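Chemist: My structure is below; once you've seen it, I'll send some questions.
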Amino acid sequence: MASYILPESKLAWVVEENYKILRILKRLGIMPGFGDKSIKEVCISNKVSVNLFLLIANMSLYKEFSPDLESLKELPTIDLVNYLRRSHREFIINDIPNVENAIRDIAVNDDFANTHSSVFLDFFEEYKTELLSHFEYEDGSVFPYINGIIEGKIRSGYSIEKFEENHTNIESKIGDLKNILLKYFPSKNPHPELYDLVEKLYILQNEFEAHAYLEDKLLVPHVEYLERINGVVK
Ligand SMILES: [Fe+2]
Ligand SMILES: [Fe+2]
């Protein structure tokens, strides 16, 4: 069984065990220079909820980790929403353009399979549009709905259940992109750039999976709880 991150775990040790936590630290605004402090100590000095940190970190790093009911109730809603918003920003500003630029570079260099490169680029552009509208809907409609519940403004109409029913899978197309590149991309030489691109896609897929897991298994049950205690009529 995986050894989950605990309040008393030393943060430096956790980073050493799994560097993927660096992105989480960045999004939560946890400053470097934490010496030998435990997670709990670092969270307190950075004004981050220990409960929120443990849930986000464990759920992002361990796919089988599921939150218990009590910890779901105690979540600082605004901080969780801000974490998800920051993740969207990072995907839009850094990760998606990184992949897009790598595809463009291959398309420019790949004179042998020119048409294939441009078809591939078109496929990615379509996917990018889907991604942007997915993030825009959450930023512009779902998150404001959640803020509305906290502020006591929302009593009926929309519900987080409706969001969950229509919450599309954003990572599945990455599988198609990797497959095309690895199995079917007709290139004369196995370009190092091509493998670099596949690696970027793996990282993005991992990030998207962790992000969707937080939305489906942390945000949704937490908001269902908020709806119940605030008397939102579905
Ligand atoms: Fe999202
Ligand atoms: Fe989503």
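Chemist: So which trypsin sites (Lys or Arg not before Pro) in the stretch 2-69 end up in coil per DSSP with only 12 or fewer other C-beta atoms within 10 Å?
Modeler: Working: sites: 10, 20, 23, 26, 27, 37, 40, 47, 63; in loops: 20, 37, 47, 63.
In loop regions of the stretch 2-69 (DSSP not H, G, I, E or B), the sparsely surrounded trypsin sites (Lys or Arg not before Pro) are 47, 63.
Chemist: Return the sequence-ordered ³J(HN,Hα) values of the stretch 51-59 in whole Hz as given by the Karplus equation 6.51 cos²θ - 1.76 cosθ + 1.60 applied to θ = phi - 60°, using x for Gly and Pro.
Modeler: 4, 4, 4, 5, 5, 4, 5, 5, 6
Chemist: Among 167, 211, 88, which one moves the most in a GNM of the chain with springs linking Cα atoms closer than 10 Å?
Modeler: 167
Chemist: What GluC sites (Glu not before Pro) in the stretch 76-149 are in a loop by DSSP, with at most 12 other Cβ atoms within 10 Å of the Cβ?
Modeler: Details: sites: 90, 100, 125, 126, 130, 136, 138; in loops: none.
Of the GluC sites (Glu not before Pro), not one in the loops of the stretch 76-149 has a Cβ with at most 12 other Cβ atoms within 10 Å.
Chemist: For the cross-link pairs 128/162; 26/200; 40/234; 26/128; 10/63, which exceed 26 Å when the distance is taken from alpha carbon to alpha carbon?
Modeler: Values: 128/162 24 Å; 26/200 19 Å; 40/234 38 Å; 26/128 24 Å; 10/63 21 Å.
Long pairs (Cα-Cα over 26 Å): 40/234.
Chemist: OK, next. Name the residue, out of 21, 92, 44, whose mean-square fluctuation peaks in a Gaussian network model built on the chain with Cα pairs under 10 Å.
Modeler: Comparing 21, 92, 44 in the GNM, the peak value goes to 44.
Chemist: If you keep only loop residues by DSSP, which chymotrypsin sites (Phe, Trp or Tyr not before Pro) in the stretch 80-145 have at most 13 other Cβ atoms within 10 Å of their Cβ? List each step's numbers first, then the result.
Modeler: Working: sites: 83, 91, 112, 120, 123, 124, 127, 135, 137, 145; in loops: 112.
Sparse-neighbourhood loop chymotrypsin sites (Phe, Trp or Tyr not before Pro): 112.
Chemist: Gaussian network model of the chain, Cα springs within a sub-10 Å range: biggest mean-square fluctuation belongs to which of 184, 19, 195?
Modeler: Looking only at 184, 19, 195, the largest GNM fluctuation is found for 184.
Read-outs: derived from the displayed coordinates by stated rules, not from any lab. On a predicted model such as this, the values are computed, not experimentally measured, just so you know. When we count neighbours, we look across all protein chains shown, and the Cβ atoms used for this are built from the backbone with ideal geometry, even at glycine.
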